[in-house]
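Colleague: Just passing along the structure, written as structure tokens.
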Amino acid sequence: MEQHKKYDYLIVGAGLFGSVFAYEATKKGKKCLVIDKRDHIGGNVYTEKVEDINVHKYGAHIFHTNSKEIWDYVNQFVEFNRYTNSPIANYKGELYNLPFNMNTFNKLWGVITPQEAKQKIEEQKKHAGISEPTNLEEQAISLIGTDIYEKLIKGYTEKQWGRAATELPSFIIKRLPVRFTYDNNYFNDKYQGIPTGGYTLIIEKMLENVDVQLNVDFFADREELMKLANKVVFTGMIDEFYNYKFGVLEYRSLTFENQKLDTDNYQGNAVVNYTDRETQYTRIIEHKHFEFGTQENTIITKEYPKEWKKGDEPYYPVNNDKNNLLYKKYKELANQEQNVIFGGRLATYKYYDMHQVIGSALISIEKEFKL
Ligand code: FAD
Ligand code: UDP
């Protein structure tokens with residue numbers, strides 16, 4: 001019976017997970033149909049050329065990885081430039097370097113040596129009386145002290161997540177390096193860059209020999225779509241897949257406000273974070289700086305966080321205990337599926353970066369093809 005189906009895989013979502021899976025399965029001679037409810041491929045890594053500038057339509061995307069295998073993997077599709085992310089934090093007009101490093105400590109406290117900086121942090125940590133951090137606030141203070149927490153973390157975090165920092169998991173802040181050198185590189189990974197010409201090029205190459213249908217929502221025609229293929233690869237929201245039967249997982253969403261400005265250089269950096277609580281947006285992205293652009297104009301994007309509700313784009317899973325527990329229940333159902341593979345940020349409810357999504361898609365392929 002199965003042989004009569006038109007496709008081996010119906011892949012729901014033309015983001016990074018779905019595209020890697022489709023590319024690899026096609027290479028192995030399988031027939032894939034990729035659908036996406038959006039009107040373009042690429043999911044959240046989608047870039048679009050506007051006024052000769054590659055605009056990151058769903059927020060700043062900087063590729064970074066420690067794995068040579070994953071770095072080589074993405075480089076087979078497109079060339080990467082030497083961009084190194086070094087965002088600036090703007091706290092009520094005071095500017096600081098990120099991530100937290102000797103430049104930050106020097107600006108804030110006037111300290112010059114790593115030893116002086118460590119001593120300052122140790123004093124503040126001691127004063128706060130934290131031994132075993134149990135939430136983001138305690139974790140942050142124990143890593144870099146109360147001054148930095150108050151100016152650079154608390155406001156940004158609470159508007160980004162819409163929750164008190166004491167109610168958020170510590171791992172979120174551990175994404176950021178703390179360094180006792182004068183190094184403003186936001187990542188510790190060995191490899192980093194931006195694809196020359198934008199991320200969409202990568203996805204176009206991955207999907208070159210794959211059937212793709214856009215503006216198709218899996219849930220609008222689930223039964224019929226499932227009949228088209230032997231197996232489904234699902235990269236949408238796992239709770240929606242199960243019709244929210246155990247309850248709704250929480251996400252944070254974003255509104256992006258784009259502006260074209262009549263200047264060649266608006267803020268002198270690709271990413272500037274606004275770390276006070278009052279400014280409604282978290283960061284301003286100036287896209288041309290990702291590719292060292294020399295265009296006459298510029299395009300900037302302000303990123304406004306908001307709570308996700310049905311119909312919004314779910315950008316960030318809120319991985320607190322309550323949601324992780326709920327996810328576990330859905331995951332148990334997912335584990336029993338014979339013909340559905342769940343993958344990517346939404347279907348596994350994980351705060352994954354691009355390299356992790358690629359890595360996990362390659363693992364799914366290995367499992368599927370028993371490599
Ligand atoms: P997605 O890109 O979300 O793709 C899922 C696709 O499925 C979407 O296109 C969606 O439309 C489609 N879909 C969902 N439901 C349905 C349905 N019912 N029917 C049809 N289609 C459906 N990572 C980094 O490494 N570096 C960064 O600097 C970075 N910055 C980020 C900044 C922001 C603001 C955000 C939100 C994420 C950032 N990321 C970054 C993470 C990165 O975007 C993700 O790791 C990656 O894009 C996830 O790929 P995915 O395929 O899992 O999901
Ligand atoms: N963060 C912060 N201040 C900053 C930048 C980040 O407090 O200037 C915190 C915030 O809680 C954020 C987390 O660190 O959600 C992770 O930051 P990252 O830049 O990795 O966030 P993403 O790019 O994934 O939105």
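Colleague: Mind checking whether some residue in the range 322-338 is touching a Gly at 6+ places or on another chain (Cβ under 9 Å), modelled with pLDDT of 95 or more and within 16 Å of ligand 1 (Cβ to nearest atom)? Break it down into steps so the answer makes sense when it comes.
Modeller: The initial filter retains those residues of the range 322-338 that are touching a Gly at 6+ places or on another chain (Cβ under 9 Å), namely 326, 329.
Next cut, modelled with pLDDT of 95 or more only: 326, 329.
The next check asks that each one be within 16 Å of ligand 1 (Cβ to nearest atom); those that pass are none.
Looking for residues that are touching a Gly at 6+ places or on another chain (Cβ under 9 Å), modelled with pLDDT of 95 or more and within 16 Å of ligand 1 (Cβ to nearest atom), one finds none in the range 322-338, hence no.
Colleague: Return the only residue of 60, 25, 89 being surrounded by 15 or more Cβ atoms within 10 Å (Cβ to Cβ), in a helix (DSSP H, G or I) and of a type outside the set (Phe, Trp, Tyr).
Modeller: Working: 60 fails: in a helix (DSSP H, G or I); 89 fails: in a helix (DSSP H, G or I).
Result of the check over 60, 25, 89: 25.
Colleague: Let me ask another. Just a yes or no: is a residue in the range 222-232 within 13 Å of ligand 1 (Cβ to nearest atom) and either at positive phi or within 25 Å of the chain's Cα centre (by Cα) (or both)?
Modeller: Within the range 222-232 (the criterion being within 13 Å of ligand 1 (Cβ to nearest atom) and either at positive phi or within 25 Å of the chain's Cα centre (by Cα) (or both)), the answer is yes, since at least one residue qualifies.
Colleague: Further, regarding this structure: Starting from the range 314-325, take each residue that is under 11 Å from residue 167 (Cα atoms) and list its partners that are assigned to a loop (DSSP other than H, G, I, E, B) and within 11 Å of ligand 2 (Cβ to nearest atom), counting only C-beta distances under 7 angstrom and pairs at least six apart or across chains.
Modeller: Listed pairs, sorted by first residue: 319/169; 319/351; 320/168; 320/169.
Colleague: State all residues of the range 282-304 that are among the polar types (S, T, N, Q), away from ligand 2 (no atom under 16 Å from the Cβ) and assigned to a strand (DSSP E or B); if no residue qualifies, say none. Full working, then the answer.
Modeller: As a first pass, look at the range 282-304 and keep what is among the polar types (S, T, N, Q): 282, 294-295, 297-298, 301.
This time we only want the ones that are away from ligand 2 (no atom under 16 Å from the Cβ), so: 294-295, 297-298.
298 - this is the single residue of the range 282-304 that is among the polar types (S, T, N, Q), away from ligand 2 (no atom under 16 Å from the Cβ) and assigned to a strand (DSSP E or B).
Colleague: OK, next. Every residue in the range 177-196 that is part of a loop (DSSP other than H, G, I, E, B), surrounded by fewer than 19 Cβ atoms within 10 Å (Cβ to Cβ) and within 13 Å of ligand 1 (Cβ to nearest atom), please.
Modeller: Listed by number, the list holds a single entry, 189.
Colleague: Being at pLDDT 95 or above and within 16 Å of ligand 2 (Cβ to nearest atom) narrows it down to one of 208, 158, 223, 240, so name that one. Show your work before the answer.
Modeller: On the way: 208 fails: within 16 Å of ligand 2 (Cβ to nearest atom); 223 fails: within 16 Å of ligand 2 (Cβ to nearest atom); 240 fails: within 16 Å of ligand 2 (Cβ to nearest atom).
Testing whether each residue is at pLDDT 95 or above and within 16 Å of ligand 2 (Cβ to nearest atom) leaves just 158.
Colleague: Residues to consider are 274, 266; find the one that is more than 11 Å from ligand 1 (Cβ to nearest atom), touching a residue at least 60 places away in the same chain (Cβ under 8 Å) and under 24 Å from residue 93 (Cβ atoms).
Modeller: Values: 266 fails: touching a residue at least 60 places away in the same chain (Cβ under 8 Å).
Of the residues listed, the single one that is more than 11 Å from ligand 1 (Cβ to nearest atom), touching a residue at least 60 places away in the same chain (Cβ under 8 Å) and under 24 Å from residue 93 (Cβ atoms) is 274.
Colleague: So, one more: What are the residues in the range 1-22 that are touching a helix residue (DSSP H, G or I) at 6+ places or on another chain (Cβ under 9 Å) and in a helix (DSSP H, G or I), if any?
Modeller: Matches in the range 1-22: 16, 17, 18, 19, 20, 21, 22.
Colleague: Would you pick out the residues in the range 339-371 that are within 16 Å of ligand 1 (Cβ to nearest atom), over 15 Å from residue 70 (Cβ atoms) and either acidic (Asp, Glu) or assigned to a helix (DSSP H, G or I) (or both)?
Modeller: Step one: filter the range 339-371 for residues within 16 Å of ligand 1 (Cβ to nearest atom), giving 340-365.
Checking the rest, the ones that are also over 15 Å from residue 70 (Cβ atoms) come to 340-351.
If the condition is that a residue be within 16 Å of ligand 1 (Cβ to nearest atom), over 15 Å from residue 70 (Cβ atoms) and either acidic (Asp, Glu) or assigned to a helix (DSSP H, G or I) (or both), then 344, 345, 346, 347 are the ones that fit.
Colleague: Only one of (1) outside any strand (DSSP E or B); (2) closer than 13 Å to residue 255 by Cβ; (3) among the aromatic types (Phe, Trp, Tyr) fails for residue 330. Which number is that?
Modeller: Here residue 330 meets the rest and fails (2).
Colleague: Restricting to the range 1-51, and then to whatever is closer than 17 Å to residue 226 by Cβ and in contact with a Lys or Arg (Cβ under 8 Å, 6 or more places away or on another chain), can you tell me which residue is modelled with the lowest pLDDT?
Modeller: 5
Colleague: Looking only at residues in the range 324-347 that are within 16 Å of ligand 2 (Cβ to nearest atom) and not aliphatic (A, V, I, L, M), which one is surrounded by the fewest Cβ atoms within 10 Å (Cβ to Cβ)?
Modeller: If we take residues in the range 324-347 being within 16 Å of ligand 2 (Cβ to nearest atom) and not aliphatic (A, V, I, L, M), then 345 is surrounded by the fewest Cβ atoms within 10 Å (Cβ to Cβ).
Colleague: Return the residues of the range 28-42 that are under 22 Å from the mean Cα position of the chain (by Cα) and surrounded by fewer than 24 Cβ atoms within 10 Å (Cβ to Cβ); say none if nothing qualifies.
Modeller: Going through the range 28-42, the residues under 22 Å from the mean Cα position of the chain (by Cα) turn out to be 34-42.
Selection gives 35, 37, 38, 39, 40, 41.
The values are calculated or read from the model by the stated rules, or taken from the named source; none is laboratory data. All values derive from a computational prediction rather than experimental measurement. No Cβ is skipped: glycine too gets one built from the backbone with ideal geometry, and neighbour counts run over all protein chains shown.
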